[in-house]
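I have placed the structure first, in the form of structure tokens, so that the comments after it can refer back to it.
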Amino acid sequence: GDKSFYWKNIYDADANVFDVFTHDIIYGDPKTALDDPSSVAVSESFAQKYFGNKIPIGETISNDVGKSFKITLVFADLPDNSHLKYDALFSIKKNEWANTDNVTVRNQLLYSMAVYTYILLPEGYNDQAFKNISDSFFTKHMAEVGNFINATWRCWLQPLADIHFQSEVAY
């Protein structure tokens with residue numbers, strides 16, 4: 001309709017976000033919620049602001065450039081004591097870099113991404129093994145472009161429980 005709001009806590013997320021993090025699901029199926037590039041999962045507050053007490057599954061919202069997204073899931077508002085703060089999760093499949101078959105474009109876009117990446121590791125995982133994987137990824141996918149633009153990239157592990165009080169990472 002004619003309602004328009006600014007939301008600063010929105011992110012793109014992989015479809016497995018509901019497998020990795022615990023959410024209280026109010027409506028929708030977390031297994032398929034972000035499968036479609038035009039889908040969006042929203043917080044209860046987000047849904048109520050636009051749709052009141054109506055069940056919003058299947059409703060559409062539009063962004064500031066007129067692109068429409070279908071609400072596929074509603075989750076309970078996240079607790080205040082979490083560093084995860086978002087009101088809407090859009091399918092990452094909507095992004096150009098997630099859908100291009102052009103390797104050159106994907107490699108260039110790796111340097112322009114500002115993303116949080118969360119991974120599940122087995123108990124007792126060897127951090128050095130991750131460093132080797134990260135270094136190998138850089139060499140294989142990013143070094144050529146990095147040398148051309150005089151840029152570097154690094155990736156490291158930080159336990160989730162350490163983020164709130166011990167993180168040295170901005171934002």
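Residues to consider are A129, A143; find the one that is part of a helix (DSSP H, G or I), closer than 28 Å to T22 by Cα, over 21 Å from the mean Cα position of the chain (by Cα) and modelled with pLDDT of 80 or more.
Exactly one residue qualifies, and that residue is A129.
In region 1-28, how many residues are open to solvent by 50 Å² or more (accessible area, probe 1.4 Å), farther than 17 Å from F51 by Cβ and aromatic (F, W, Y)?
Total meeting the criteria: 2.
Looking at region 1-58, which of its residues are in contact with an Asp or Glu (Cβ under 8 Å, 6 or more places away or on another chain) and not in a helix (DSSP H, G or I)?
Matches in region 1-58: W7, N9, I10, A15, I26, P30, L34, V42, S43.
If you check V40 against the conditions, is it in contact (Cβ under 8 Å) with a residue 40 or more places away in the chain, surrounded by 16 or more Cβ atoms within 10 Å (Cβ to Cβ) and closer than 13 Å to K94 by Cβ?
yes
Considering only residues that are loosely packed, with under 11 Cβ neighbours inside 10 Å and part of a loop (DSSP other than H, G, I, E, B), which ones fall in region 68-81?
Across region 68-81, the qualifying residues are P79, D80, N81.
For region 146-157, give me each residue that is open to solvent by 60 Å² or more (accessible area, probe 1.4 Å) and either part of a helix (DSSP H, G or I) or modelled with pLDDT under 85 (or both).
Of everything in region 146-157, those that are open to solvent by 60 Å² or more (accessible area, probe 1.4 Å) and either part of a helix (DSSP H, G or I) or modelled with pLDDT under 85 (or both) turn out to be N147, F148, I149, T152, W153, R154, W156.
Residue pairs, Cβ under 8 Å, 6 or more apart or interchain, first in region 115-138 and over 21 Å from I163 (Cβ atoms) and in contact (Cβ under 8 Å) with a residue 12 or more places away in the chain, second among the small types (G, A, S) and not in a loop (DSSP other than H, G, I, E, B). List them.
Close Cβ pairs (under 8 Å, with a partner that is among the small types (G, A, S) and not in a loop (DSSP other than H, G, I, E, B)) amount to F138/G146.
The values are calculated or read from the model by the stated rules, or taken from the named source; none is laboratory data. Just so it is clear, the model here is predicted, and its values are computed rather than measured. Note that we place each Cβ from the backbone using ideal geometry, even for glycine, and neighbour counts take in every protein chain shown. These area figures cover heavy atoms from the full protein model, side chains too; ligands, DNA and RNA do not enter into them. Shrake-Rupley method; radii C 1.70, N 1.55, O 1.52, S 1.80 Å.
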